[in-house]
Amino acid sequence: MRIIYIDCTAGLSGGALLGALADLGLDREQLFEELQQEIAGAFNVSFNLSFQKEPRRAALRTVLDLSQDCLATAAGEFIKTFFREESAQSSPFPMIKKIFQEDLAARSRLEGLPPEEVTVTPAEAIKTAILAAGVFTSLKQLGFPRIVASPVPIGPPPLEGAKDGAGHLVLELAKGAAVRPTSSPSVYVSPAGVAILTRIADEYGELPEMELEETGYGALGDYGRGGVVRVLYGSVPLAEPSIGRRETVLVIETGIDDMNPEFFPYLIERLLAAGALDAFLIPIYMKKGRPANLLKVLCKGDKLEQILQIIFKESTTLGVRIHEETRRVLQRKFFQVSTPYGEVTVKAGYAGPETVLQLAPEFEDCKRIASGTGTPLKEVYAAAQRSAFEKIKEQENRER
């Protein structure tokens, strides 16, 4: 299992986090091109993103320059475009939308104003969106590994009469994250950094044991001064399974509430014929109480594009969710058994070379024989199961 550990002990910012990920050896040109397509192309803003290596700290500094046109953009209108945008989960937009929702809600609580009346500068909004998209795109290049982060350092409250708007906002945005106290005045945590971290972290804690492959360092603070965000990338070996073979599969799912239900059997038939490991429907209720079906498809990575082509062509969905899961499967073998009604194929599940845990006659064989002979289907199935158990028992006795 691939894993990233984000060490923000010395502080955290969106730029430092992006710099640390880019320092892992990512294709920075591809990163910039994707950001241009995602942000500049979709929202008509121009910017330049580059990375500078600081020899003194051996860290990568993220340099983000916005054009004057960007700074003249109304921040509220820019943010609203994300709320109107309907995008797939493979795009950074859903994450950016969630960040803006939480940011506006936090500012609303602090300022005592409705979310639509809080103040956000164009530079804040656009930089946050670009940095969040950059982090998302970097993780996509890395294959979306599991992310563990150190607790976010939180400084003491401001002295009487002092203002600490950014510190208050950091605390609001850090809700749900692990935090720890720090008394160091040099530790800096930005609202954008916390907002991004809380959206990508799977868990918080100490550095997990891993086989280390790459390290990345992102510069905090002014040039040559301040700490770094450290990122460690590697793999965690999984224990050998005690039973069954471990496999990694992709799970594709989408809720569908506007499709003729007569089309679903054909859709599932096509998915299975294309190499899906499984495809099935789960009845669900969607918003406003609408009855719907949740389509779930399991497949190997090399079948993903073919499966997606079928889903989008043969269903009415506009988007799907894709995630990776681990499953355990027994070793499978097929053999023929004789019954009073005819030959039936049986599928056996083995926990080891000789230990049979499951025996299942093939339904289509039993159905064919039942239809041809007029014998009740359940009798054909039971006869095949008895013959299979007897065959396995005879084999075990011979091996003894």
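How big is the stretch 331-399 by the Kirkwood estimate over distinct Cα pairs, in Å?
Values: mean 1/r = 0.0815 Å⁻¹.
Evaluated over the stretch 331-399, this radius sits at 12.3 Å.
Please rank LYS127, LYS300, fewest neighbouring Cβ atoms within 10 Å first, as an exposure proxy.
On the way: LYS127 18, LYS300 14.
Taking fewest neighbouring Cβ atoms as first place, the list is LYS300, LYS127.
May I ask which residue of GLY227, LEU197, THR119 lies farthest towards the positive end of the charge dipole of the chain, with charges of +1 (Lys, Arg) and -1 (Asp, Glu) on Cβ and the Cα centre as origin?
The listed residue farthest towards the positive side: LEU197.
If I build a Gaussian network model for the chain, linking alpha-carbon pairs within less than 10 angstrom, which residue out of GLY226, GLY372, GLY205 has the largest mean-square fluctuation?
Sorting by GNM fluctuation, first place goes to GLY372.
Listed here are the pairs LYS296/LYS347; LYS127/LYS288; LYS333/LYS378; LYS296/LYS378; LYS98/LYS175; which of them are more than 26 Å apart at the Cα? Don't jump to the answer; show the numbers that get you there.
Numbers: LYS296/LYS347 24 Å; LYS127/LYS288 36 Å; LYS333/LYS378 23 Å; LYS296/LYS378 30 Å; LYS98/LYS175 14 Å.
The pairs that break the limit, which is 26 Å between Cα atoms, are LYS127/LYS288; LYS296/LYS378.
Per DSSP H run of n ≥ 4, the term is -39500 (n - 2.57); total these for the chain, divide by its residue number, and report the mean residue ellipticity at 222 nm rounded to 500 deg cm²/dmol. Write out the running numbers ahead of the final one.
Details: 12 runs with 144 residues, N = 400.
Taken over the chain, the calculation gives -11000 deg cm²/dmol.
Can you give me the P(r) profile for the chain? Cα pairs, bins 10 angstrom wide beginning at 0, each as a whole percent.
Reading upward from the zero bin: 4, 17, 23, 22, 14, 9, 7, 4, 1, 0.
List the residues, sorted by chain then number, that are 5 or more residues from MET286 or on another chain and whose placed amide H is less than 5 Å from its amide H.
Amide H neighbours of MET286: ALA292.
Rounded to the nearest 20 Debye, what is the dipole magnitude of the stretch 289-332 about its Cα centre when Lys and Arg each give +1 and Asp and Glu each give -1 at the C-beta?
220 debye
Could you list log10 I(q)/I(0) for the stretch 102-208 at q = 0.16, 0.20, 0.23 Å⁻¹, which the Debye formula gives when each Cα is one point scatterer?
After summing over all Cα pairs, the log10 values are -0.83, -1.19, -1.38.
If neighbour count is taken as other Cβ atoms inside 10 Å, put LEU359, LEU21, LEU308 in order from fewest to most.
Values: LEU359 18, LEU21 27, LEU308 15.
Lowest count first: LEU308, LEU359, LEU21.
What residues have an amide H closer than 5 Å to that of SER46, excluding those fewer than 5 places away on the same chain, when H is modeled at 1.01 Å from N in the peptide plane?
SER67, CYS70
Per residue of the stretch 135-146, in order, report the coupling 6.51 cos²θ - 1.76 cosθ + 1.60 (Karplus, θ = phi - 60°) as ³J(HN,Hα) in whole Hz, putting x for Gly and Pro.
Rounded to whole hertz, the list is 5, 4, 5, 5, 5, 5, 4, 8, x, 6, x, 6.
How are the C-alpha pair distances of the stretch 245-328 spread across 10 Å bins, as whole percents from the shortest bin up?
18, 53, 25, 5, 0
The numbers here are math on the coordinates, done by the rules we state, and not lab data. Predicted model, so just to flag it, every value in this text is computed and none were measured. A quick note on method: Cβ atoms are made from the backbone with ideal geometry, for glycine too, and the neighbour counts reach across all protein chains shown.
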